[in-house]
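These notes concern the structure reproduced below.
The values are calculated or read from the model by the stated rules, or taken from the named source; none is laboratory data. Worth saying up front: this structure is predicted, and the values here are computed from it rather than measured. Positions of Cβ are generated from backbone atoms using ideal geometry, with glycine treated the same way; all protein chains shown enter the neighbour counts. When the accessible area is computed, the model is the full protein with side chains, heavy atoms only, and any ligands, DNA or RNA have been set aside. Shrake-Rupley method; radii C 1.70, N 1.55, O 1.52, S 1.80 Å.
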Amino acid sequence: MKKAYRIKKNEEFQKIFKHGQSFANRQLVVYYQKKSDQKHFRIGLSVSKKIGNAVLRNQVKRYLRQAFLEMEEEIRPDYDLVIIARKPTNQMNLHEIKRSLTHVLKRSKLLIKKK
């Protein structure tokens, strides 16, 4: 994932948590905040130690990044997103995580409608 697409600073995470909106399903929580001055979306990933060891946490983050890469054209460009992975994600493969992410983004109206 390109550097410009990432949220890394704690202050940015906290601002999205405090001022943004959220939506969740059993596997993922999405916090989002509109940023009208940017050309593309940015994402921050949070995978807690409750998910498992470092290998498992990194695998979940890789799956989430890959899902975002595949859905890049469908996501509204003027938003900052923070994704929090919940416990069930440690037993999911890439396709299941992508399906769950699509569900959460669709319900929070962050996907661009296809014509």
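Here are the numbers for this structure:
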| quantity | calculated |
| --- | --- |
| Lone unmet requirement of (1) outside any helix (DSSP H, G or I); (2) under 20 Å from Y5 (Cβ atoms); (3) modelled with pLDDT under 95 for K114 | (2) |
| Condition met for R62 (within 18 Å of M1 (Cα to Cα), without any contact (Cβ under 8 Å) to a residue 12 or more places away in the chain and open to solvent by 60 Å² or more (accessible area, probe 1.4 Å)) | yes |
| Any hit, the stretch 99-108, residues being open to solvent by 60 Å² or more (accessible area, probe 1.4 Å) and either hydroxyl-bearing (S, T, Y) or not in a helix (DSSP H, G or I) (or both) | no |
| Residues (among the charged types (D, E, K, R) and either part of a strand (DSSP E or B) or over 10 Å from the mean Cα position of the chain (by Cα) (or both)) located in the stretch 17-64 | K18, R26, K34, K35, D37, K39, R42, K49, K50, R57, R62 |
| Search result, residues across the stretch 4-54 that are at pLDDT below 95, exposed (fewer than 12 other Cβ atoms within 10 Å of the Cβ) and of a type in the set (A, V, I, L, M) | A4 |
